[in-house]
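What follows is a short report on a single structure.
The values are calculated or read from the model by the stated rules, or taken from the named source; none is laboratory data. Worth saying up front: this structure is predicted, and the values here are computed from it rather than measured. When we count neighbours, we look across all protein chains shown, and the Cβ atoms used for this are built from the backbone with ideal geometry, even at glycine.
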Amino acid sequence: MSTHADLKTVTDLQLPRYLGTWYEIARLPMKHEPDDCTDVSAHYEMKDNGHVAVLNRCRVGDSIEEAEGEACPVDNDPARLEVSFLPKGLRWLPFTKGDYWVMQVAPDYSVALVGSPDRDYLWLLARQPQLDATVQEHYLAQARLQGFDLSRLIHTPHTGRPTA
C-alpha cells in the first residue's frame, strides 16, 4: 500500500500538443535504461486507434539503442498513460505496462515533468536538448513537493550528436 498522496497530474492535457519529440533532461535510474545513456530522446505520435506510438532512443558509446512501444490513456485521461514496450503480440498481457503520468507541462508545451504514482520513475523532458538551470529547478522542486526522492537523479548528457 502506498504511503504517498495521489500523484497530481495535468488536468487538461492537450495530447495533440504533447506529441512530437522530447529530450530527456533528467531521470531517476531505471533498469531498462543504462545509467551511461546520452542524447536520450522520445518521440510520440498518434495512432489510428487513439493510442500513442512511442519511440525512445539513446546513445550508448557509438551505437544508438531504440525501444518502440505504445501508450494508452487510463480512464480516458490523456495525462495518465500506460506504456508497454513488449512486442505487439504480447502487449495485452496484464502487469506489463508502466505508468507515465504527466505531472506538469509548460503553457507552451516546451517542458514536461512525468512520473509514476509509486514515485519510482521520473523524467524531466524538454523540446530542446538543453534546459535553463532555473527552469530545471522549478520542475524538480515540483517533483519533490509530490514526494519524489531526487537523491539518485541522473542529469542526462547531450553531446550534440542527437538520436532524434
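Descriptive notes on the structure:
- Positions within the stretch 1-45 being out of contact with any Pro (no Cβ under 7 Å at 6 or more places or on another chain) and among the aliphatic types (A, V, I, L, M), in sequence order: 1, 5, 10, 19, 25, 26, 28, 30, 40, 42
- Per the listing 131, 124, the residue uniquely in contact (Cβ under 8 Å) with a residue 40 or more places away in the chain, outside any strand (DSSP E or B), surrounded by 14 or more Cβ atoms within 10 Å (Cβ to Cβ) and not β-branched (Val, Ile, Thr) is 131.
- Pairs linking a residue in the stretch 17-35 that is closer than 21 Å to residue 52 by Cα to a residue that is outside any strand (DSSP E or B) and among the aliphatic types (A, V, I, L, M), with Cβ atoms under 6 Å and 6 or more positions apart or on different chains, are 21/164.
- Any hit, the stretch 32-39, residues being over 27 Å from residue 151 (Cα atoms), at pLDDT below 90 and either out of contact with any helix residue (DSSP H, G or I) (no Cβ under 7 Å at 6 or more places or on another chain) or in a strand (DSSP E or B) (or both): no
- Some residue of the stretch 17-36 being buried (at least 18 other Cβ atoms within 10 Å of the Cβ), more than 23 Å from residue 108 (Cα to Cα) and touching a Lys or Arg at 6+ places or on another chain (Cβ under 8 Å): yes
- Scan of the stretch 145-163 for residues that are within 22 Å of residue 115 (Cα to Cα) and either among the aromatic types (Phe, Trp, Tyr) or part of a loop (DSSP other than H, G, I, E, B) (or both), ordered by number: 146, 147, 148, 149, 150, 151, 152, 153, 156, 157, 158
- Whichever residue in the stretch 67-83 is crowded, with 18+ Cβ neighbours inside 10 Å and among the charged types (D, E, K, R) and, among such residues, is nearest to residue 12 (Cα to Cα): 80
- Of all the criteria given as (1) farther than 14 Å from residue 19 by Cβ; (2) loosely packed, with under 13 Cβ neighbours inside 10 Å; (3) modelled with pLDDT under 90, the one not satisfied by residue 50 is (1).
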